[in-house]
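Peer 1: This structure is in structure tokens; I'll ask about it shortly.
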Amino acid sequence: MRFLSFEGRNAIMATEAAIQPGSVKMTRERGIRLFKWSLLSPLIMLALFLLPIFALQLYFSFHSWTIYLSTWWDADFVGFEMFQDVFTDKRFFWAMSRSFLFAGVSTLGCFVFGFALALLMYRPFKGQAFFYILFLLPMLTVPIVLTYAADMLLYRQGPINGILSFITGLDMKFTWLANPNYAIFTIILIEIWNWTPFVFIIMLAGLSSLPTEPMEAARILGANRLQIFREIQLPLLRPVIFLALILRFLEAMAEFPKTWGLLQGGPGSATETLPIYLYIVTWQAFDISKGAAMSYIIMLVMIVIIFFAIRVLHREKSALDTMYQAPAPGER
């Protein structure tokens, strides 16, 4: 047996002294702090970049100016007159109601189809990768390409009406985009087709991360698939479900390219949502001050929605943590 030299023992003792719990803790805290700053630094830089834009926008909200008048720094101060103009604009509230209708219905549609696809796909099977790629293609399609494709497909004498005519045996001449009574629902169907893969990815990740032990125990006790889904999987998936619904709703509230590319808010104002109306006021009517005030009101509405969403997610996470930490009946 070989013994370490005096110098070797000193080196080992010095290394052990250096790697003490206190130093390890300090290193870990330093790593966490560095990680936080690596995430916050881009956000801080973005905020500093956008701050002058928000300040200029706030200036326009309290001053009356359009591009037809003199220079913007000579605009007349009008106080809250622009905000009052927005709050008395019936067209603005109709646009807001359409935005909530569009976001709510499309979010539910995306969730139903996305969750159904995730339930079909989360168990491995032959050819799974092919179907996974196939289901993601709608979300990867450029919006303007999707717009032109939908315009050709939904034409009165286009392929969609042709297929319906073949199936029903009737001469279908359905005006999908020209009728103001259901043009908004046509856009909703296109939105559902476009963004169902987003919910599919989130729900598939949630299903794949579920612990198997509770489900195996339920099978041993004689539970069927429906009971396992209703009593085990759904409660565990509640935070994931709320996350998918909230993210999809927020994105749908800001939808612009497909609606504008297809109908520009028409026919009439049937598909005029908040982003469309804001664009029309600001960049077609060139009412910069009213558009700035309107954008601040929309931003405040979205902040309230986001704050409520964060509270819901925090509540669901706390409930799930409590459920995991609760002791089993035999352990009490």
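Please treat every number below as a calculation from the coordinates, not as lab data. Predicted, not measured: the structure shown is a model, and the values here were computed from it. All Cβ positions, glycine included, derive from the backbone under ideal geometry; neighbour counts span all protein chains shown.
Peer 1: Kyte-Doolittle mean at least -1.0 and Cα extent at least 27 Å along the axis: which DSSP H helices of the chain qualify?
Peer 2: Result, helices passing both filters: 21-61, 90-121, 183-208, 234-253, 288-325.
Peer 1: While we're here: Of the trypsin sites (Lys or Arg not before Pro) in segment 152-261, which ones lie in a loop per DSSP and count no more than 10 other C-beta atoms within 10 Å?
Peer 2: Here the sparse-neighbourhood loop sites are Lys173.
Peer 1: What lysines sit close enough to Lys258 to cross-link, taking a C-alpha to C-alpha distance under 30 Å and skipping anything fewer than 8 places away on the same chain?
Peer 2: Lys90, Lys173, Lys290
Peer 1: Between Leu39 and Phe80, what length comes free when the chain is fully extended (0.36 nm per residue of separation minus the Cα-Cα distance, one decimal in nm)? Intermediate results must be reported in sequence, preceding the final value.
Peer 2: Working: separation 41, 0.36 × 41 = 14.76 nm, distance 3.73 nm.
That pair, Leu39 and Phe80, stretches by 11.0 nm at full extension.
Peer 1: Helix-only mean residue ellipticity at 222 nm, the chain, DSSP H runs n ≥ 4 weighted -39,500 (n - 2.57), per residue, nearest 500. What is it?
Peer 2: Computed ellipticity for the chain at 222 nm equals -24000 deg cm²/dmol.
Peer 1: Convex hull volume of the Cα atoms in segment 164-277, per residue, in Å³?
Peer 2: Details: hull volume 17.1 nm³, N = 114.
Enclosed volume per residue, from the Cα hull, is 150 Å³.
Peer 1: What is the Cα convex hull volume of the chain when expressed per residue in Å³?
Peer 2: Working: hull volume 100.7 nm³, N = 332.
With only Cα atoms used, the chain gives 303 Å³ per residue.
Peer 1: Segment 51-81: which chymotrypsin sites (Phe, Trp or Tyr not before Pro) are DSSP loop and have at most 12 other beta-carbon atoms within 10 angstrom?
Peer 2: Tyr68, Phe80
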